[in-house]
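**Student:** I am attaching a structure below and will ask some questions about it afterwards.
We did not get these values from a lab; they are worked out from the coordinates using the rules stated. Since the structure is predicted, the reported quantities are computational estimates derived from the model, not experimental observations. Here the Cβ positions follow ideal geometry from the backbone for every residue, glycine too, while neighbour counts run over all protein chains shown.
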Amino acid sequence: MTEPTKFWAVVPAAGVGKRMNADRPKQYLQLNGKTVLEQTLLRLLQAEVFSAVSVAISVEDPYWPELPLASHAKVVTAAGGKERADSVLSALKAIRDVAADSDWVLVHDAARPCLTTDDIHLLINSLVDDEVGGILALASHDTLKNVQGRSILGTLDRSHIWRALTPQMFRYGRLKSALEAAEGNLAVTDEASAVEMQGGQPKIVEGRPDNIKITRPEDLALAQFYLEQQ
Ligand code: C5P
């Protein structure tokens with residue numbers, strides 16, 4: 001008998017978040033009584049679909065071992081890497097003995113704590129029968145300019161432009177080999193770009209605009225507002 005397909009979550013959480021200008025990495029800033037990382041992990045655990053959540057943490061991180069979730073039965077800790085893609089690959093390797101190549105992996109940024117259970121289920125339900133997989137994304141409402149220096153070279157056709165969010169959902173085996181093939185390539189800033197380089201055409205699934213990535217100081221207040229609204 002073949003095993004049913006499992007779902008795994010991978011959370012790269014080994015960044016330093018320089019643009020926050022804070023005294024600690026942004027995933028450890030406080031948001032509604034918990035750290036950003038705890039809020040993010042709780043969103044994933046509450047969806048009740050994942051066999052485990054593999055979290056990539058910097059080896060010099062003193063904050064992670066202090067969090068109760070670090071010893072949660074469904075949370076696996078992996079060593080973070082130099083770039084985001086290295087951290088994701090490390091988190092994938094940490095579950096290599098339990099995950100099958102055909103299982104689905106949802107990679108989600110630690111810095112996106114406003115992800116809803118609805119969006120997790122929407123992504124899974126939209127892509128579970130897909131050949132390649134895909135990502136949550138948002139249509140661009142702004143007019144977008146191609147700029148060199150301070151000069152506009154042209155205007156992009158925004159009907160074709162989408163902003164990539166997370167989670168990004170791919171089969172374990174395909175994602176791992178795509179990231180291995182892309183190692184050291186700084187153009188790989190998300191999982192989809194690694195799969196695209198292998199010739200894959202990931203799908204987009206329209207996500208919610210409140211699934212923001214905390215990047216700058218003002219984003220924390222916005223995330224707090226969204227969590228309260230949800
Ligand atoms: O810096 P940025 O917001 O693009 O990072 C996206 C996610 O990737 C964050 O959750 C961050 O912690 C993670 N990351 C990582 N390892 C790195 C760099 C970033 O896990 N070397």
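**Student:** For the range 128-230, give the share of DSSP beta bridges that are antiparallel, in percent and rounded to the nearest 5; count only bridges with both residues there. Walk me through the numbers on the way to the answer.
**Tutor:** Numbers: 10 of 14 bridges.
For the range 128-230, the DSSP antiparallel bridge percentage is about 70.
**Student:** Using amide H atoms built 1.01 Å from N in the peptide plane, name the residues 5+ places from Lys203, or on other chains, whose amide H lies under 5 Å from its own.
**Tutor:** Gly133, Gly134, Ile135
**Student:** Extent of the chain along each principal axis, from alpha carbon coordinates, in Å, largest to smallest?
**Tutor:** That gives 55, 43, 36 Å along the principal axes, largest extent first.
**Student:** Summing Lys, Arg as +1 and Asp, Glu as -1, what charge do residues with Cβ under 10 Å from the Cβ of Leu41 carry, Leu41 excluded? Before the final figure, lay out each step's value.
**Tutor:** Values: positive: Lys34, Arg43, Lys74; negative: Glu38.
Charge balance near Leu41 sits at +2.
**Student:** Each label point is 7 Å from the Cα along the Cα-to-Cβ direction; what then is the distance between the points at Thr143 and Thr215, in nm?
**Tutor:** Simple spin-label model gives 2.2 nm for this pair.
**Student:** Whose amide H sits under 5 Å from the amide H of Val75, counting only residues 5 or more places off or on another chain, with H placed in the peptide plane?
**Tutor:** Val53
**Student:** Now for a separate question. Within 10 Å of each residue's Cβ, count the other Cβ atoms and sort Ile95, Ile120 from fewest upward.
**Tutor:** On the way: Ile95 21, Ile120 24.
Starting with the residue having the fewest Cβ neighbours, the order is Ile95, Ile120.
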